[in-house]
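These notes are about the structure you will find just below.
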Amino acid sequence: MINHHPTEQMLTAFVAAELPVSLTAAVAVHAEMCSCCALRIEQLTQMQANRWLDAARPQSEEPDWSAETLDPELEQMLDAMVLDDAPAAEQKPKAKQIAVAGQQYQLPRALHSLPLGAFSQFGKLSRARFGLDEGALHSSLLYIQPGGGVPQHSHKGFELTLLLSGHFSDADGDYGPGDFILLDGSHTHQPVSATGCLCFTVADAPQRFTQGMNRLLNPIGNFIY
């Protein structure tokens, strides 16, 4: 069961095409996995379309189209076009597989077209960067091996984690596939995964570690970011 979702504000910005590519992809992936948010996006899209139509519609009284008739030749041409445009059998997109630390995963459809680099490994963490050239905004696939985790940290900016497969937990609870977790500098957590997990992450600054000798942990923060 998915317990963590994008906010209404983020879904509205997604429909209005106001989000950067990385966050747009995150919301699209979540919608692939969450029927509730997919339905809400459909509703917001229809509301947006209605607003555009209302703004474009002339304020004068609408004409009565029922009295109009088409030229027979034009009507025949339109009928032929409708027949030609009959939808063909829907083809499912080809699944895209990735391999990391000996595991195979199917990449969500919304991530298929994004340029993805090779995985690098740091202990029980593996990270592959998406080459989106969004300045300080970095997006990645992060894999945590079974029994692995990220040391306790907070955030200089924001960190979005979308769980694609597997589970992890922290002091606030347990998270599973589809969970959309957005944290900022007011949050401190230490995610660990008993069985391993794959996440899509977006962050705009490195993590700030809050335990032990912080400077020794900086390589991990830079690696994840």
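Using only protein heavy atoms and a 1.4 Å probe, report how much of M33 is accessible, in Å² to the nearest 10.
70
Rounded to the nearest 0.05, what FRET efficiency do L39 and I98 give with R0 = 22 Å and r taken as the Cβ-Cβ distance? Could you check?
Values: r = 29 Å, r/R0 = 1.31.
It comes to 0.15.
Using a 1.4 Å probe and ignoring any ligands, DNA or RNA, find the accessible area of R208 and quote it in Å² to the nearest 10.
Approximately 100 Å² for this residue.
Just add up the charged neighbours of T188: K/R +1, D/E -1, any other residue whose Cβ is under 12 Å from the Cβ of T188.
Net charge in that neighbourhood comes out at -3.
Among residues other than E8 whose Cβ falls under 15 Å from its Cβ, what is the net charge (Lys/Arg +1, Asp/Glu -1)?
-1
For segment 121-186, give the magnitude of the charge dipole about the Cα centre (Cβ charges: +1 Lys/Arg, -1 Asp/Glu; no others), in debye to the nearest 20.
In total the dipole reaches around 320 debye.
Does segment 147-225 come out rounded, prolate or oblate by the C-alpha gyration tensor, with a ≥ b ≥ c the root eigenvalues, rounded set by a/c under 1.5 and, if not, prolate when a/b is larger than b/c and oblate if not?
prolate
Label-point separation (nm) for L114 and N218, each offset 7 Å from Cα along Cα-to-Cβ?
Once both label points are built, they end up 2.8 nm from each other.
Measuring with a 1.4 Å probe in the full set of protein chains, what accessible area per residue, in whole Å², belongs to segment 143-225?
On a per-residue basis, segment 143-225 sits at 41 Å².
For A205 and V21, compute 0.36 nm times the residue count separating them, minus their Cα-Cα distance, and round to one decimal in nm. Don't skip to the answer; put the middle values down first.
Working: separation 184, 0.36 × 184 = 66.24 nm, distance 1.70 nm.
That works out to 64.5 nm of additional length.
Rounded to whole Hz and in sequence order, give me ³J(HN,Hα) for segment 21-35 from the Karplus expression 6.51 cos²θ - 1.76 cosθ + 1.60, θ = phi - 60°, writing x for Gly and Pro.
Couplings: 4, 4, 6, 4, 4, 4, 5, 5, 5, 4, 5, 4, 9, 10, 5 Hz.
Where does the charge balance sit around T24 when Lys and Arg score +1, Asp and Glu -1, over other residues with C-beta under 12 Å from its C-beta?
Value of the local net charge: -2.
The values are calculated or read from the model by the stated rules, or taken from the named source; none is laboratory data. The structure presented is a predicted model; accordingly, all values stated were derived computationally and were not measured. Here the Cβ is made from the backbone with ideal geometry for all residues, glycine too, and neighbour counts use every protein chain on show. Please note that ligands, DNA and RNA were not included when accessible areas were found on the heavy atoms of the full protein model with its side chains. Shrake-Rupley method; radii C 1.70, N 1.55, O 1.52, S 1.80 Å.
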